[in-house]
């Protein structure tokens, strides 16, 4: 009886080890420098294979002010995609304009089969009711699994 | 010809003259929608190349490698190219009957696969929609032929809308940016696509750029930023920051003809919503849309002076009405003189 119990625990331990061995912490990022700003697309999570899923998935688009902006503030365009979801193109205008300051927008969708983060950074201001902006960086994108 | 037939003939002639005068007044370069006449059309299709950045306009292909649309029931249709065509069929006093067609080329049923589309089976070329709609020229509200309100006509703008916010598309099935900002989650909901309409030349200048050298190339030549009106995103306050009020509608309009000449990112409008139903985000486009065919004369450079709406339609109509009255009276006098002469032998 004792032998059977030990065999059971040994099998359990082996299964845990196997499943742990197939889990990998993964991340991917893309960075771009503009004249005044920096853009970063970032994704991460724990990749389990099998079954081929990313647990504790996370993605962000981050904008950083490198040098004093020639305008009122930073603007970040972001878009996130995972499994059946797509945020569409969205804009974020944080209260950020000093060198070294940054802002990011993120999602934490839990367990997914893939995740993609796309963004771009520029600067702008309001005039009347219209938002004026201009891009400073190229578009950045990061994904898991990798492209 | 008997005298009895003179009056209807005169009235008919005066009606013809009045119509011609109104059409002439409307078609003057520098006039509002100077191109507006039956038969005028424009077609937009996907650009073969990525378009350059213009301040206030994305001009990006978003790094996407497919085009398609996705219905809430998960039906996915991919395609290689797309055309959006509008054609004026009839012009009435304050509205136009327009045929709007969207065609998909090399369409195929697809499955979603890792953020892209996987081919399942061929459809071939297909007409996504073809509909005759009535567009009110003063409000740009669009109605079906039986009078059902559809929403906003997206292919034309009014110059007096520059500097203001416009609901360009209603109730787009999209994600809520506030939920993303607050919780890091995507919540699917319906939101209006609001835009701020801006003068791209002014925007370029405000960033120290040359509005004459920046712009887009089309089959109709180079549209510089100084000749373009661009849609910019509308943002709403969230804590100390601002975030998108809803989905983007990144269109560029020619400042003279006031018609759409380019569009970047996913495409959706109220007629698509009305005919096709909910599609998620919009029609995904691998490359931006750009005008490829039209019989509009883009050579005029004079911008429209005043909008055509109920408040200032009189300047156009009064001279026409006076002219028509003169014609009617002239014909009447001629008839009277003829009858008087004939009576006197």
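Within region B:121-146, the residues that satisfy the criterion of being exposed (fewer than 13 other Cβ atoms within 10 Å of the Cβ) and in contact (Cβ under 8 Å) with a residue 24 or more places away in the chain are B:127, B:130, B:145. In region B:218-232, the qualifying residues are those that are in contact with a helix residue (DSSP H, G or I) (Cβ under 9 Å, 6 or more places away or on another chain) and within 30 Å of residue A:104 (Cβ to Cβ), and the one that is modelled with the highest pLDDT is B:230. For region B:95-107, indicate whether the set of residues that are at pLDDT below 95, surrounded by fewer than 20 Cβ atoms within 10 Å (Cβ to Cβ) and over 14 Å from the mean Cα position of the chain (by Cα) is non-empty. Looking for residues that are at pLDDT below 95, surrounded by fewer than 20 Cβ atoms within 10 Å (Cβ to Cβ) and over 14 Å from the mean Cα position of the chain (by Cα), one finds none in region B:95-107, hence no. When residue B:37 is tested against the conditions (1) part of a loop (DSSP other than H, G, I, E, B); (2) within 14 Å of another protein chain (Cβ to nearest Cβ); (3) surrounded by fewer than 18 Cβ atoms within 10 Å (Cβ to Cβ), the lone failure is (2).
Checking the stated criteria, residue B:215 turns out not to satisfy the condition of being under 18 Å from residue A:71 (Cα atoms), more than 10 Å from every other protein chain (Cβ to nearest Cβ) and at pLDDT 90 or above. Counting only strands (runs of 3 or more DSSP E) wholly contained in region B:96-208, the ones carrying 1 or more residues that are closer than 23 Å to residue A:79 by Cα and either within 10 Å of another protein chain (Cβ to nearest Cβ) or out of contact with any helix residue (DSSP H, G or I) (no Cβ under 9 Å at 6 or more places or on another chain) (or both) occupy B:116-136, B:165-175, B:188-199.
Kindly establish whether residue B:74 is more than 14 Å from every other protein chain (Cβ to nearest Cβ), at pLDDT below 95 and surrounded by fewer than 14 Cβ atoms within 10 Å (Cβ to Cβ).
Answer is no for this residue.
All conditions but one from (1) closer than 19 Å to residue B:116 by Cβ; (2) within 8 Å of chain B (Cβ to nearest Cβ) apply to residue A:57; the one that does not is (2). Candidates A:97, A:89, A:71, A:83: the one that is in contact with a strand residue (DSSP E or B) (Cβ under 8 Å, 6 or more places away or on another chain), within 19 Å of residue B:179 (Cα to Cα) and surrounded by fewer than 24 Cβ atoms within 10 Å (Cβ to Cβ) is A:83. When region A:121-142 is limited to residues that are at the interface with chain B (Cβ under 7 Å from one of its Cβ atoms) and assigned to a strand (DSSP E or B), the one that is modelled with the lowest pLDDT turns out to be A:130.
Going by what's in this entry, would residue A:105 be described as at the interface with another protein chain (Cβ under 7 Å from one of its Cβ atoms), in contact with a strand residue (DSSP E or B) (Cβ under 9 Å, 6 or more places away or on another chain) and modelled with pLDDT of 95 or more? Criteria met by residue A:105. Residue count for region B:304-326 satisfying the condition of being surrounded by fewer than 14 Cβ atoms within 10 Å (Cβ to Cβ) and modelled with pLDDT of 70 or more: 1.
So, in region A:81-102, of the ones that are in a strand (DSSP E or B) and more than 7 Å from chain B (Cβ to nearest Cβ), which residue ends up nearest to residue B:164 (Cα to Cα)? Explain how you work it out, then say what you get.
So in region A:81-102, the residues in a strand (DSSP E or B) come out as A:81-82, A:85-86, A:90-93, A:102.
Applying the additional criterion that residues be more than 7 Å from chain B (Cβ to nearest Cβ) yields A:82, A:102.
Working: A:82: 35, A:102: 30 Å.
Applying the filter and picking the extreme gives A:102.
The values are calculated or read from the model by the stated rules, or taken from the named source; none is laboratory data. Please read these numbers as outputs of a predicted model, since none were measured by experiment. Because the Cβ atoms are built from the backbone with ideal geometry, glycine has one as well, and the counts that use them run over all protein chains shown.
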